[in-house]
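See below for the structure under consideration.
The values are calculated or read from the model by the stated rules, or taken from the named source; none is laboratory data. On a predicted model such as this, the values are computed, not experimentally measured, just so you know. Neighbour counts are summed over all protein chains in view; Cβ atoms, including those assigned to glycine, are modelled from backbone coordinates with ideal geometry.
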Amino acid sequence: MTTLFISDLHLTEDELRVEEAFVEFIDEHATNAEALYILGDFFEVWLGDDDDTPFNRRIIDTLAALPVDKYIMHGNRDFLIGEAFCAAAGLTLLPDPTIINLYGTPVLCMHGDSLCTRDEAYMETRKMLRNPAFKQELLSQPLPVRADIARGARDQSKVHTRETAMDIMDVTLEEVTRELHEHETTLLLHGHTHRPAIHDHPVNGVPGTRIVLGDWGTHAWYLAWDESGYDLRSYGI
Ligand code: MN
């Protein structure tokens, strides 16, 4: 049996081909899996579990119909995903980070945005967005107001991404070491940076690995893990 990991689908009504690819992925790969983990930024934006659109309902129905253990972690874009959405979709909401034991190997799973510590402006914003009081305040606004706020935040983020050096937008290797050391593991799996790769990352002289999932812009990226090990895979969508 195989455990599957995906992240950064950035599902949106404006890109229905990604939804199509997701449905296909569920049918062809996830149906026979042992478990499916979604490590953040599943949606391009999530305004709240009360945002009952036909698109959101289709995604919920697709997940709910999958007879497999399913887990989701917040990303920086869908951090408003709540228990109501998870219950409807049959998902378990995981904290970031979470250690998952995979066939005897403890794996530290994260979305990845918290690792980009050199992006100080973003780290400040992140602190605010993850504050429960701020989230509560945001969710108390009417949906159209939340949609406006989200649009504004995305525009701002695009400008920030354009103006920030590429290396600052990537993870800080010292932070990766710190997390691996703190959680006493040598394997980290994350998304967020859209730079799919498998990196050697020794910790205090002990061999370690950092696996980065890819986004679903042009390819469907996923990590398949079974008794014999892991495999980072992709195909064009
Ligand atoms: Mn992200």
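In the range 1-12, the qualifying residues are those that are farther than 16 Å from residue 217 by Cβ and out of contact with any His (no Cβ under 9 Å at 6 or more places or on another chain), and the one that is farthest from the ligand (Cβ to nearest atom) is 1. Quick one: would you say residue 156 is outside any loop (DSSP other than H, G, I, E, B), more than 18 Å from the chain's Cα centre (by Cα), more than 21 Å from residue 37 (Cα to Cα) and within 16 Å of the ligand (Cβ to nearest atom)? Yes, satisfied. Here the condition is being within 16 Å of the ligand (Cβ to nearest atom), touching a Phe, Trp or Tyr at 6+ places or on another chain (Cβ under 9 Å), of a type in the set (Val, Ile, Thr) and modelled with pLDDT of 95 or more; of 18, 45, it holds for 18 alone. Checking 177, 92, 172 one by one, the residue that is touching a residue at least 12 places away in the same chain (Cβ under 8 Å), hydroxyl-bearing (Ser, Thr, Tyr) and under 28 Å from residue 32 (Cβ atoms) is 92 and no other.
Residue 47 falls short of the stated requirement of being under 22 Å from residue 100 (Cβ atoms) and outside any strand (DSSP E or B).
Among the residues of the range 25-39, is there at least one that is under 11 Å from residue 216 (Cβ atoms), part of a helix (DSSP H, G or I) and away from the ligand (no atom under 16 Å from the Cβ)? There is at least one residue in the range 25-39 that is under 11 Å from residue 216 (Cβ atoms), part of a helix (DSSP H, G or I) and away from the ligand (no atom under 16 Å from the Cβ). Regarding the range 178-187, can at least one residue be identified that is within 18 Å of the chain's Cα centre (by Cα) and within 25 Å of residue 5 (Cβ to Cβ)? Yes - at least one qualifying residue is present in the range 178-187.
Let's see how each residue does on (1) under 17 Å from the mean Cα position of the chain (by Cα); (2) in contact (Cβ under 8 Å) with a residue 40 or more places away in the chain:
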| residue | (1), (2) |
| --- | --- |
| 4 | yes, yes |
| 29 | no, yes |
| 65 | no, no |
| 101 | no, no |
| 105 | no, yes |
| 109 | yes, yes |
| 112 | yes, yes |
| 118 | no, yes |
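Rundown of residues vs (1) in contact with a strand residue (DSSP E or B) (Cβ under 9 Å, 6 or more places away or on another chain); (2) within 25 Å of residue 172 (Cβ to Cβ); (3) within 16 Å of the ligand (Cβ to nearest atom), yes/no style:
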position: 85; (1), (2), (3): yes, no, no
position: 88; (1), (2), (3): no, no, no
position: 100; (1), (2), (3): yes, yes, no
position: 124; (1), (2), (3): no, yes, no
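Entry remark, the range 140-189: residues being more than 21 Å from residue 120 (Cα to Cα) and among the basic types (Lys, Arg) number 2 in total. Taking the range 61-78 as the range and being touching a helix residue (DSSP H, G or I) at 6+ places or on another chain (Cβ under 6 Å) and either within 13 Å of the ligand (Cβ to nearest atom) or at positive phi (or both) as the test, only 76 passes.
For the range 161-172, state whether one or more residues are within 29 Å of residue 21 (Cα to Cα), within 16 Å of the ligand (Cβ to nearest atom) and of a type in the set (Asp, Glu). Yes, because at least one residue in the range 161-172 is within 29 Å of residue 21 (Cα to Cα), within 16 Å of the ligand (Cβ to nearest atom) and of a type in the set (Asp, Glu). For the range 124-142, the tally of residues that are surrounded by fewer than 14 Cβ atoms within 10 Å (Cβ to Cβ) and either outside any loop (DSSP other than H, G, I, E, B) or of a type in the set (A, V, I, L, M) (or both) stands at 8.
Yes or no: the range 50-59 includes at least one residue that is under 19 Å from the mean Cα position of the chain (by Cα) and more than 18 Å from residue 9 (Cα to Cα). No, the range 50-59 contains no residue that is under 19 Å from the mean Cα position of the chain (by Cα) and more than 18 Å from residue 9 (Cα to Cα).
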